[in-house]
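Here the structure comes first, spelled out in structure tokens, and everything after it is commentary.
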Amino acid sequence: MARYELVKRSVALITLTNPPVNALSSPVRHAIANSMERALSDPKVRAVVICGENGRFCGGADIREFAGPLRGPPLIPVLEAIEAGDKPVVAAIEGMALGGGFELALFCHYRIAQSKARLGLPEVTLGILPAAGGTQRLPRLIGIPAALEMITTGRHISAQEALKLGIVDQVTDQNACETALEFALKAVGKPLSPRRVSTLTTPCPPDLDALLEAATMQVKKKTPGVMAPLACIQAVRAAATMPYSKGMKRESELMATLFNSGQARALQYCFFAQRTAGKWTLPSGAQWNNSKPREIRSAAVIGLGTMGRGIVVSLARVGISVIAVESEKKLLENGRQMVIGMLERDAKRRGVSASLNLLKFTLSLQDLKDVDLVIEAVFEDMALKKRVFQELSKVCRPGTLLCTNTSGLDVDALAGVTDRPHLVAGMHFFSPAHVMKLLEVVCGPRSSSETIATAMSLGKKMGKVSVAVGNCPGFVGNRMLKPYLDQATFLLEEGATPEQIDKALEDFGFAMGVFRMSDLAGLDVGWRVRKESGLTGPDVDPKNPPRKRQGRRYCPIPDMVCEQGRFGQKTGRGWYKYDKPGDTNAKPDPLIQNLLETYRSRYGIQPRNISDQEIIERCLFVLANEGFRILEDGMAARPEDIDVIYLFGYAFPRHRGGPMFYASMVGLERVLERLEHYHQAHPDVPHLEPSALLKKLVACGSPPVQQWREHIKTMRSHL
Ligand SMILES: CCCCCCCCCCCCC[C@H](O)CC(=O)SCCNC(=O)CCNC(=O)[C@H](O)C(C)(C)COP(=O)(O)OP(=O)(O)OC[C@H]1O[C@@H](n2cnc3c(N)ncnc32)[C@H](O)[C@@H]1OP(=O)(O)O
């Protein structure tokens, strides 16, 4: 877990050997303690260098250990022995020094960083704080404002920035370990006291209170209801106002308030869920680690609407040449200008030059004959998409992969009109596609493992979090959204207002409630889908009860809002009113209140007081219930995949872990009981009927979310 060598006859080189990131697991802590003792007691050793194997210094504490009882030597005393020793210790930072790894470096007397290394204290993103002295030592080294920013955001910084801030003593383009060995020899004999960060006094700004207050306001606004950033601020205050030893005590008290919290568990679950999602498996046995993706050098995007433009930008900025296709000259020119503008702004922000030379714009599908992969992003109309796929099948060389960006149509029906159904898959991006991190990779029954591997790997290359899902209407994300939206509108019928529902969801942690979000997305899209599927409009049988469709409860209020030309922010009116079209400041609209009152009295609905608890339970338990059905149906491989989709595609609050994790935190028994209760009250809403999987899990004693897979295994997979 750590290798000990004597090099240059007088330097002890301690190499952490815990792949893949040299996390500070119990055996590693043991090994560091033993190695330091050996180095300090060996008269031949005059200096020590600590580095990490495989070009990675250390990724911090072993997060997996947090879930169980704490074992092995506690980290802080191990690190204190490094600082207290009478021989200079140099940290040789290659790759990364994060969290406890960064704290380890801060206990060393000197730090040398390789120029490509990244450093940071990301604990806040895991719902905890840097509790191995990070909150007390970093402010002493670089001052309160810079330390506060790094600790409360968890931002990783470059070696160059670390040098500028005074965190590292030298940056090298060479091997950091070699440089550190030379450096260590030169440090021998120099006084160590000034190098012990614990002895430094925190430079205290005169406006400390105002600074901390501003930071508090900022984190409350950015991450309302999240505890860890606030605890970080309190810990940094201690660094400014208390002696080191007292500050360390305060740091550990604050850590104790976070360590076992639901938020910490949720955030750490998210960390692993995100990594688990990349590990896809198909029923054939093909999976992420036995299927080779194809290399994609050139791609085409068909359709330069909002989605298509975002996809072009996402591809071009990772160096893939793109042919963008539109059907009319004017649309093509407009798309071209928009894409170039987006790429230029993006490049400026990242300080690189825009890769405009990778782009080609055309009106002709004939130009796509040699590309490696096509992503179709035309209007959401099956007949149109089928025509495009038929045409692509004729034009593209036999090996070209054909992908669709449909948000819910049948991918296999599109595969069926081509000459290569095994090379067809869905790549469902989220809007705006160059910003949103989620990509649903839709596996049709005929998609080959190579096709899925290629789509997943391309997603990763584009910086997306890619999740493999099955081919069912709406796939995973949009399929779950429907019952969630339905509950919100049913609650309106029953007496709630859009503001009340949004506030309950925002207090829960969503950045935007469902109605504000719908206004932002545009209400006309859903209206058109409902018209096309015969739920509203002239196709509805006049004898059909207005609040029922196929025997199920239906709420026509969203249709009525659209019939008034209220399409959301873009028209200046939707569920809310706005000062002008395009404005984002949503204000309650008395006309909507009026519409709701008239509607309720027309249908004899007596409005009732609805509690926030009911809003949360009905909206979120129905969401999870559909998630359970998706798992039952084999359309998602595991609950983590569903949660990742909701975290990255639908802004589910990360400190709640995602809808499935949230259900497990509430307690599956409770979720089942509440769904049964609401289903009894609303028997015409089938989505409220508890799913078989939920019942099965409760019957099995409500295992933790990580174990659900074992209970799903027997079910059929469509992935
Ligand atoms: C009342 C009781 C009170 C109790 C108080 C208890 C006090 C306990 C003492 C605490 C002392 C605090 C110490 C410290 O302050 C806390 C920490 O250090 S927390 C950890 C901080 N570090 C991080 O957040 C880094 C997390 N990792 C990453 O960001 C990335 O993995 C990476 C390091 C940048 C590498 O990225 P990639 O190359 O892309 O690789 P992957 O991300 O895919 O990771 C590969 C593989 O490694 C696993 N992994 C990564 N980091 C860790 C880790 N720190 N611990 C465990 N495992 C880690 C990752 O999951 C992948 O594995 P896979 O999931 O694929 O199997």
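Being open to solvent by 40 Å² or more (accessible area, probe 1.4 Å) and either farther than 13 Å from residue 89 by Cβ or touching a Lys or Arg at 6+ places or on another chain (Cβ under 7 Å) (or both) is the requirement here; does residue 29 meet it?
Working: open to solvent by 40 Å² or more (accessible area, probe 1.4 Å): no; either farther than 13 Å from residue 89 by Cβ or touching a Lys or Arg at 6+ places or on another chain (Cβ under 7 Å) (or both): yes.
The answer is no for residue 29.
Keeping to region 343-389, report how many residues are of a type outside the set (Phe, Trp, Tyr), open to solvent by less than 30 Å² (accessible area, probe 1.4 Å) and either farther than 30 Å from residue 415 by Cβ or in a helix (DSSP H, G or I) (or both).
Of the residues in region 343-389, 7 are of a type outside the set (Phe, Trp, Tyr), open to solvent by less than 30 Å² (accessible area, probe 1.4 Å) and either farther than 30 Å from residue 415 by Cβ or in a helix (DSSP H, G or I) (or both).
I'd like to know if region 86-104 contains one or more residues that are assigned to a helix (DSSP H, G or I), among the aliphatic types (A, V, I, L, M) and more than 10 Å from the ligand (Cβ to nearest atom).
The answer is no; no qualifying residue exists.
Out of all the residues in region 598-638, which are open to solvent by 40 Å² or more (accessible area, probe 1.4 Å) and hydroxyl-bearing (Ser, Thr, Tyr)?
598, 601, 603, 611
Name the residues in region 137-146 that are within 12 Å of the ligand (Cβ to nearest atom) and either under 29 Å from the mean Cα position of the chain (by Cα) or without any contact (Cβ under 8 Å) to a residue 60 or more places away in the chain (or both), would you? If you could, list the steps in order and put the result at the bottom.
Residues of region 137-146 within 12 Å of the ligand (Cβ to nearest atom): 137-138.
Within region 137-146, just 138 meets the criteria.
Filter region 248-275 for residues that are part of a helix (DSSP H, G or I), more than 30 Å from residue 199 (Cα to Cα) and open to solvent by 40 Å² or more (accessible area, probe 1.4 Å) and give the result.
Result: 265, 271, 272, 274, 275.
Among the numbered criteria (1) of a type in the set (D, E, K, R); (2) open to solvent by 20 Å² or more (accessible area, probe 1.4 Å); (3) under 34 Å from the mean Cα position of the chain (by Cα), which single criterion is violated by residue 103?
Answer for residue 103: the failing condition is (2).
Return yes or no: is residue 678 at pLDDT 95 or above, over 28 Å from the mean Cα position of the chain (by Cα) and hydroxyl-bearing (Ser, Thr, Tyr)?
When the stated conditions are applied, residue 678 passes them.
(1) outside any helix (DSSP H, G or I); (2) within 16 Å of the ligand (Cβ to nearest atom): which one isn't true of residue 231, the others all being true?
(1)
Report whether or not residue 609 is in a loop (DSSP other than H, G, I, E, B), touching a residue at least 12 places away in the same chain (Cβ under 8 Å) and over 25 Å from residue 459 (Cβ atoms). It would help to see each step written out before you state the result.
Working: in a loop (DSSP other than H, G, I, E, B): yes; touching a residue at least 12 places away in the same chain (Cβ under 8 Å): yes; over 25 Å from residue 459 (Cβ atoms): yes.
Spelling it out, residue 609 is indeed in a loop (DSSP other than H, G, I, E, B), touching a residue at least 12 places away in the same chain (Cβ under 8 Å) and over 25 Å from residue 459 (Cβ atoms).
Yes/no matrix, rows are residues, columns are (1) more than 16 Å from the ligand (Cβ to nearest atom); (2) touching a Gly at 6+ places or on another chain (Cβ under 6 Å); (3) hydrophobic (A, V, I, L, M, F, W, C):
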{"residue": "110", "(1), (2), (3)": "yes, no, no"}
{"residue": "134", "(1), (2), (3)": "no, no, no"}
{"residue": "150", "(1), (2), (3)": "no, no, yes"}
{"residue": "154", "(1), (2), (3)": "no, no, no"}
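Looking only at region 50-60, decide whether some residue is modelled with pLDDT of 95 or more, touching a helix residue (DSSP H, G or I) at 6+ places or on another chain (Cβ under 7 Å) and open to solvent by 20 Å² or more (accessible area, probe 1.4 Å).
Checked against the condition, which is being modelled with pLDDT of 95 or more, touching a helix residue (DSSP H, G or I) at 6+ places or on another chain (Cβ under 7 Å) and open to solvent by 20 Å² or more (accessible area, probe 1.4 Å), region 50-60 yields at least one hit.
How many of the residues in region 141-172 are surrounded by fewer than 23 Cβ atoms within 10 Å (Cβ to Cβ) and either modelled with pLDDT under 95 or closer than 21 Å to residue 89 by Cα (or both)?
9
Looking only at region 156-171, how many residues end up being away from the ligand (no atom under 12 Å from the Cβ) and not in a helix (DSSP H, G or I)? Step through it out loud before you land on a result.
The initial filter retains those residues of region 156-171 that are away from the ligand (no atom under 12 Å from the Cβ), namely 157-171.
Still in the running and not in a helix (DSSP H, G or I): 157-158, 166-171.
Summing the residues that are away from the ligand (no atom under 12 Å from the Cβ) and not in a helix (DSSP H, G or I) in region 156-171 gives 8.
Looking at this structure, is residue 173 in contact with a strand residue (DSSP E or B) (Cβ under 6 Å, 6 or more places away or on another chain) and in contact (Cβ under 8 Å) with a residue 12 or more places away in the chain? First the steps, then the outcome.
Numbers: in contact with a strand residue (DSSP E or B) (Cβ under 6 Å, 6 or more places away or on another chain): no; in contact (Cβ under 8 Å) with a residue 12 or more places away in the chain: yes.
Criteria not met by residue 173.
Let's see how each residue does on (1) buried (at least 20 other Cβ atoms within 10 Å of the Cβ); (2) touching a helix residue (DSSP H, G or I) at 6+ places or on another chain (Cβ under 9 Å):
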| position | (1), (2) |
| --- | --- |
| 245 | no, yes |
| 277 | yes, yes |
| 283 | no, no |
| 286 | no, yes |
| 305 | no, yes |
| 319 | no, yes |
| 323 | yes, yes |
| 329 | no, no |
| 339 | yes, yes |
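Residues in region 244-272 that are in contact (Cβ under 8 Å) with a residue 60 or more places away in the chain, closer than 26 Å to residue 107 by Cα and either within 12 Å of the ligand (Cβ to nearest atom) or touching a Pro at 6+ places or on another chain (Cβ under 7 Å) (or both): how many?
Number satisfying all stated conditions: 9.
Listed here are the residues, each with its yes/no results for (1) within 27 Å of residue 563 (Cα to Cα); (2) of a type in the set (A, V, I, L, M).
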| position | (1), (2) |
| --- | --- |
| 470 | no, no |
| 474 | yes, no |
| 482 | yes, no |
| 498 | yes, no |
| 525 | yes, yes |
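What helices (runs of 4 or more DSSP H) lie completely within region 479-559 and have 1 or more residues being over 20 Å from residue 436 (Cβ atoms), of a type in the set (Gly, Ala, Ser) and modelled with pLDDT of 95 or more?
498-508
Pull up region 23-81, narrow it to residues that are within 21 Å of residue 176 (Cα to Cα) and assigned to a strand (DSSP E or B), then point me to the one that is nearest to the ligand (Cβ to nearest atom).
Among residues in region 23-81 that are within 21 Å of residue 176 (Cα to Cα) and assigned to a strand (DSSP E or B), the one nearest to the ligand (Cβ to nearest atom) is 24.
Here are 44, 87: which of them is open to solvent by less than 50 Å² (accessible area, probe 1.4 Å) and among the basic types (Lys, Arg)?
Step by step, each of 44, 87 is checked, and only 87 is open to solvent by less than 50 Å² (accessible area, probe 1.4 Å) and among the basic types (Lys, Arg).
Hey, any hits in region 288-295 for a residue that's exposed (fewer than 13 other Cβ atoms within 10 Å of the Cβ), of a type outside the set (Val, Ile, Thr) and over 20 Å from residue 400 (Cα atoms)? Quick ask: steps written out before the conclusion?
Applying the first criterion (exposed (fewer than 13 other Cβ atoms within 10 Å of the Cβ)) to region 288-295 yields 289-290, 292, 295.
Now drop any that are not of a type outside the set (Val, Ile, Thr), which leaves 289-290, 292, 295.
Still in the list and also over 20 Å from residue 400 (Cα atoms): 289-290.
Yes, that holds for at least one residue.
Filter region 1-22 down to the residues that are under 24 Å from residue 76 (Cβ atoms) and part of a strand (DSSP E or B) and list them by number.
2, 3, 4, 12, 13, 14, 15, 16
Criterion first (within 16 Å of the ligand (Cβ to nearest atom), at pLDDT 95 or above and of a type in the set (Gly, Ala, Ser)) does residue 215 satisfy it? Don't jump to the end; show me each part of the working.
Numbers: within 16 Å of the ligand (Cβ to nearest atom): no; at pLDDT 95 or above: yes; of a type in the set (Gly, Ala, Ser): yes.
Spelling it out, it is not the case that residue 215 is within 16 Å of the ligand (Cβ to nearest atom), at pLDDT 95 or above and of a type in the set (Gly, Ala, Ser).
When region 112-132 is examined, which residues are found to be among the aliphatic types (A, V, I, L, M), out of contact with any Ser or Thr (no Cβ under 9 Å at 6 or more places or on another chain) and either open to solvent by less than 10 Å² (accessible area, probe 1.4 Å) or more than 7 Å from the ligand (Cβ to nearest atom) (or both)?
Residue satisfying the conditions is 132 alone.
The values are calculated or read from the model by the stated rules, or taken from the named source; none is laboratory data. A quick note: this is a predicted structure, and the numbers were derived from the prediction, not measured. Using ideal geometry, Cβ is built from the backbone for each residue, glycine included, and neighbour counts are taken over all protein chains shown. For the accessible areas, the whole protein counts, side chains as well, though only heavy atoms, and no ligand, DNA or RNA atoms are used. Shrake-Rupley method; radii C 1.70, N 1.55, O 1.52, S 1.80 Å.
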